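**Q** My structure is below; once you've seen it, I'll send some questions.
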Amino acid sequence: MNAIYDLNYHNSMKKILFRKLLFDCLIFFSVTLISTSVIIWVFQAVNFLDIMVEDGRDYLVYINYSLLNFPKIITRIFPFALFFSFSYVLSKYELNNELMILWNFGINKIQLVNFFLRFSFFLIICQILLTSYLVPKSQNISRELLKSSNIDFLESFIKPKKFNDNIVGLTIYADEKDDKGNLKDIYLKKETGAGNFQITYSKNGYFKIKGDSKVLVLNDGETINGINNKFSNFNFTQSELSLAQLDSGIIKVNKIQETSTVDLTKCIKRYFDYDLSRKKKPDTGKSIQNCTIENLDNIFKELYKRFIIPLYIPILLLISLYLIIYSKESVNYSRYRLIMFLIGLLVIIFSETTLKFIQNNFFLNIKIIIIPIITFTILYLLIFLKTQKMINFKK
């Protein structure tokens, strides 16, 4: 009975110690990830001010667009924040002699390594969900938000004595502009088709709200229409230009990073089946944006970024766990920590640079895809053999 009680007590204490260490690592990781992402997001949000100032979008569009880009920042910071946080906490535990509690309790170092590696697979799933679903979804929503929004702040970027051409197919010039936004001596040139145009002169004008959007009211002017090299003109006392029909040049076709993972995999399958048979052209089926033979290499790169790069997470975690191999009393322990940290940074950089070697051939890409698997296997065998050697030495 005593042996069974001691065994249960030992197992329960081991779980408590492991969870405590993991909890500290996750708390520091969460704080690092969120704080760093927020700082980067703030700087990026400042750049997004152009959406409101130059393109004339309202404040809600700017805020929502900025927030929708936050998941993308999270995924970019995730690997570095993970490696830095776990390395820092493990080093702190070692320097404060807190790891000695685990070793004195009879816990094997490889048991701690296996515990963290099992948890790393949960982190892989989280990162893949972010990169394969949440980020493309949020990026797609942000683009749809811009495409569906009206240009309500046109008056904010009309500068006097300057030709303003932020709007596609429309050039606006005003000689004067007062504090209330009233314009004098206005010139507008609007492209109405291939080689066709409309030029409007007006003595003065102002903006007003009409319905759900704003309009530019023009007073005492003349409009000249040029259609197929034929010209006509008419004078007006008052005319209105609706801003709801204007376009600030936002790209209408989704980028690859904004395309859903399901569509990308369907596109790959479509051309993969064609590559095997070579008997008929790829089945077009339902139209998928960016799904062309010329664009296959970019699609492979995007899928690689979403599914393969997250596989480097266990490698980064394993490198940080190398810090538990040697104690702080070891010779050159500080240099050893620095080397491990530099190796982790190199792995992060390497995982991103491998993206450049991805091609539009699945079988050639296999060599790059298996790199994280081989690297993880080698690192794990080395740390396993090292810990076993230390156990045998103590015996």
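The values are calculated or read from the model by the stated rules, or taken from the named source; none is laboratory data. From a predicted model like this one, the values you see are computed outputs, not experimental measurements. Backbone-built Cβ (ideal geometry, glycine too); neighbour counts: all protein chains shown. Keep in mind that these areas ignore ligands, DNA and RNA; they rest on the heavy atoms of the full protein, side chains included. Shrake-Rupley method; radii C 1.70, N 1.55, O 1.52, S 1.80 Å.
**Q** Based on the Cβ-Cβ distance of Ser260 and Asn196, what FRET efficiency does E = 1/(1 + (r/R0)^6) give at R0 = 25 Å, to the nearest 0.05? List each step's numbers first, then the result.
**A** Working: r = 39 Å, r/R0 = 1.54.
Computed FRET efficiency for Ser260 and Asn196: 0.05.
**Q** Apply the Karplus parameterisation 6.51 cos²θ - 1.76 cosθ + 1.60, with θ equal to phi minus 60°, to every residue of region 67-84 and state each ³J(HN,Hα) to the nearest whole Hz, in sequence, with x for glycine and proline.
**A** 5, 5, 8, 5, x, 5, 5, 4, 5, 6, 7, 3, x, 5, 4, 5, 5, 4
**Q** Here's another thing I want to ask about it. Could you derive backbone 3J(HN,Hα) for region 95-112 from the dihedral phi with the Karplus parameters 6.51, -1.76 and 1.60 (θ = phi - 60°), listing whole Hz in sequence and x where the residue is Gly or Pro?
**A** These are the phi-based 3J(HN,Hα) values: 5, 8, 6, 7, 5, 4, 4, 5, 5, 5, 7, x, 7, 7, 4, 5, 5, 5 Hz.
**Q** In addition: How large is the accessible surface of Phe70 in square angstrom, using a 1.4 angstrom probe and rounding to the nearest 10?
**A** Here the residue's solvent-accessible area equals roughly 60 Å².
**Q** Here is a further query. If you roll a 1.4 Å probe over region 12-132 with all protein chains in place, what percent of the accessible area is carbon or sulfur?
**A** Details: 4220 of 5960 Å².
On region 12-132, the fraction of accessible area on carbon and sulfur atoms equals 71 percent.
**Q** Over the heavy atoms of Phe234, what accessible area does a 1.4 Å probe trace out, to the nearest 10 Å²?
**A** 100 Å²
**Q** Heads up, I need the accessible area for Ile39: 1.4 angstrom probe, whole protein in place, Å², nearest 10.
**A** 100 Å²
**Q** Run the quick spin-label model on Lys137 and Ile209: label points 7 Å from Cα toward the beta carbon, then report their separation in nm to one decimal.
**A** According to this spin-label approximation, the distance is 3.4 nm.
**Q** What list of ³J(HN,Hα) couplings, whole Hz, do you get for region 265-270 from phi and the Karplus terms 6.51, -1.76, 1.60, once you set θ to phi - 60° and write x for glycine and proline?
**A** Coupling constants for region 265-270: 5, 5, 5, 4, 4, 4 Hz.
**Q** Between Phe122 and Lys356, what is the FRET efficiency for a Förster distance of 25 Å, r being their Cβ-Cβ separation, to the nearest 0.05? Don't jump to the answer; show the numbers that get you there.
**A** Working: r = 29 Å, r/R0 = 1.18.
After rounding to 0.05, the efficiency reads 0.25.
**Q** Counting other Cβ atoms within 10 Å, which chymotrypsin sites (Phe, Trp or Tyr not before Pro) in region 101-142 have at most 16 and lie in a DSSP loop?
**A** Values: sites: Trp103, Phe105, Phe115, Phe116, Phe119, Phe121, Phe122, Tyr133; in loops: Phe105.
Listed in order of number, the matching sites are Phe105.
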